[in-house]
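Enquirer: Right, I'll just put the structure down here and ask away after.
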Amino acid sequence: MIRVAAVGDIHMGADSQGVLRPAFESLPECADLLLLAGDLTRHGTPEEARVVAREVQDLAVPVVAVLGNHDHHDERPDEVTAILRDAGARVLEGEGTVVEAGGSRVGVAGTKGFCGGFVGRSAGEFGEPLMKEFVRTSRRSADALRKALEELDGQGCDARIALTHYSPVPETLAGEPLEIYPFLGTYLLAEAIDTAGADLAVHGHAHAGTEHGMTTGGVKVRNVAQPVIGRAFRVYHLRTREPVGAGASD
């Protein structure tokens, strides 16, 4: 059994130092790895990234992260990524990584993701160049997630996890205003997850959403935005060497 701790939307600033560190230091007692689902900072500044870095540095479990929209606000995502990587976190954008966790090989494919909406009520790649680029951004992100998951499938992983900031399904958005659903995620991420296969999908971004959801293909989805889970992190359990989509339990 693989124990996966996850949290997103911690929105750390200069006054946040040390807030999560005590809880993170307890991780080895209950989890084998930590996933960070984006919006780790408030405005995406290097100073805020260094606060996050000190929270996760030298933890006794592997840390894998993606950035969120807040982490892009200051338009220095590469600097934020570098700071977090220097602290030992594996920060993903359209790629995968394999970590040793609880005696198992866990593959994590990560991307921030983007907007667009869900089946029946989604933006289309038509019209003005800006609208086309909006949808293409979502499609490129989903395609990269699919490719990363497929590559992990050939690396002897006992379990595979899709880590995003934006949501792949509307179920975990329940509680948010319907009008903003298109800005909280895209069905293209769910298509990528179902096409490539995964044992669990984890995202953040939807502060007023719901924790539990599922893709059409049966992959369990968890919204781990901190306002939703109401704690420093949430732990999920994955059974190893199970059929794809059947391995996650709470």
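The values are calculated or read from the model by the stated rules, or taken from the named source; none is laboratory data. On a predicted model such as this, the values are computed, not experimentally measured, just so you know. Cβ coordinates were reconstructed from backbone atoms using ideal geometry, including for glycine residues, and neighbour counts include every protein chain displayed. Keep in mind that these areas ignore ligands, DNA and RNA; they rest on the heavy atoms of the full protein, side chains included. Shrake-Rupley method; radii C 1.70, N 1.55, O 1.52, S 1.80 Å.
Yes/no matrix, rows are residues, columns are (1) hydroxyl-bearing (Ser, Thr, Tyr); (2) within 15 Å of VAL108 (Cβ to Cβ); (3) under 16 Å from the mean Cα position of the chain (by Cα):
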| site | (1), (2), (3) |
| --- | --- |
| LEU152 | no, yes, no |
| CYS157 | no, yes, no |
| GLY185 | no, no, yes |
| LEU188 | no, no, yes |
| ALA192 | no, yes, yes |
| THR195 | yes, no, no |
| VAL219 | no, yes, yes |
| PHE233 | no, no, yes |
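Enquirer: Tally the residues that are modelled with pLDDT under 95 and surrounded by 13 or more Cβ atoms within 10 Å (Cβ to Cβ), restricting the search to the stretch 93-116.
Expert: 2
Enquirer: Run down GLY113, GLY117, GLY204 and say which single residue is touching a residue at least 60 places away in the same chain (Cβ under 8 Å) and either polar (S, T, N, Q) or more than 25 Å from THR81 (Cα to Cα) (or both). Working first, answer last.
Expert: Numbers: GLY113 fails: either polar (S, T, N, Q) or more than 25 Å from THR81 (Cα to Cα) (or both); GLY204 fails: either polar (S, T, N, Q) or more than 25 Å from THR81 (Cα to Cα) (or both).
Going through GLY113, GLY117, GLY204 in turn, the sole match is GLY117.
Enquirer: Between HIS237, HIS165, HIS203, which is in contact with a Ser or Thr (Cβ under 7 Å, 6 or more places away or on another chain), open to solvent by less than 50 Å² (accessible area, probe 1.4 Å) and not polar (S, T, N, Q)?
Expert: Values: HIS237 fails: open to solvent by less than 50 Å² (accessible area, probe 1.4 Å); HIS165 fails: in contact with a Ser or Thr (Cβ under 7 Å, 6 or more places away or on another chain).
Within the list HIS237, HIS165, HIS203, the selection yields HIS203.
Enquirer: Within the stretch 21-47, which residues are more than 12 Å from ARG234 (Cβ to Cβ) and open to solvent by 10 Å² or more (accessible area, probe 1.4 Å)?
Expert: ARG21, PRO22, GLU25, SER26, PRO28, GLU29, ASP32, ARG42, HIS43, THR45, GLU47, listed by residue number.
Enquirer: Out of the residues in the stretch 133-154 meeting the condition of being aliphatic (A, V, I, L, M) and in contact (Cβ under 8 Å) with a residue 24 or more places away in the chain, tell me which one is surrounded by the most Cβ atoms within 10 Å (Cβ to Cβ). Steps first, please.
Expert: Pass one, the stretch 133-154, residues aliphatic (A, V, I, L, M): 135, 142, 144-145, 148-149, 152.
Subset that is in contact (Cβ under 8 Å) with a residue 24 or more places away in the chain: 142, 144-145, 148-149, 152.
On the way: ALA142: 27, ALA144: 20, LEU145: 33, ALA148: 26, LEU149: 24, LEU152: 26.
The extreme case among them is LEU145.
Enquirer: Restricting attention to the stretch 117-132, which residues are open to solvent by 50 Å² or more (accessible area, probe 1.4 Å) and either closer than 29 Å to LEU238 by Cα or under 15 Å from the mean Cα position of the chain (by Cα) (or both)? Talk me through it step by step, then tell me what you get.
Expert: Here is the first cut: in the stretch 117-132, the residues open to solvent by 50 Å² or more (accessible area, probe 1.4 Å) are 119-122, 125-126, 128-132.
VAL119 - this is the single residue of the stretch 117-132 that is open to solvent by 50 Å² or more (accessible area, probe 1.4 Å) and either closer than 29 Å to LEU238 by Cα or under 15 Å from the mean Cα position of the chain (by Cα) (or both).
Enquirer: If you don't mind, there's one more thing I want to ask. Could you please tell me which pairs satisfy a Cβ distance under 6 Å, a separation of 6+ or placement on different chains, a first residue in the stretch 228-244 that is among the aromatic types (Phe, Trp, Tyr), and a second residue that is modelled with pLDDT of 80 or more?
Expert: PHE233/ALA5; PHE233/VAL7; TYR236/VAL4
Enquirer: Which of the helices (runs of 4 or more DSSP H) found entirely inside the stretch 1-112 contain at least 2 residues meeting this: more than 18 Å from LEU163 (Cβ to Cβ)?
Expert: On the way: elements: 21-25, 46-56, 69-72, 77-86.
In the stretch 1-112, 21-25, 46-56, 77-86 are the helices (runs of 4 or more DSSP H) which contain 2 or more residues that are more than 18 Å from LEU163 (Cβ to Cβ).
Enquirer: Out of curiosity, is GLU29 on the phi < 0 side of the Ramachandran plot and either within 17 Å of the chain's Cα centre (by Cα) or free of Cβ contacts under 8 Å to residues at least 12 places away in the same chain (or both)?
Expert: Yes; evaluated as a whole, the condition is true for this residue.
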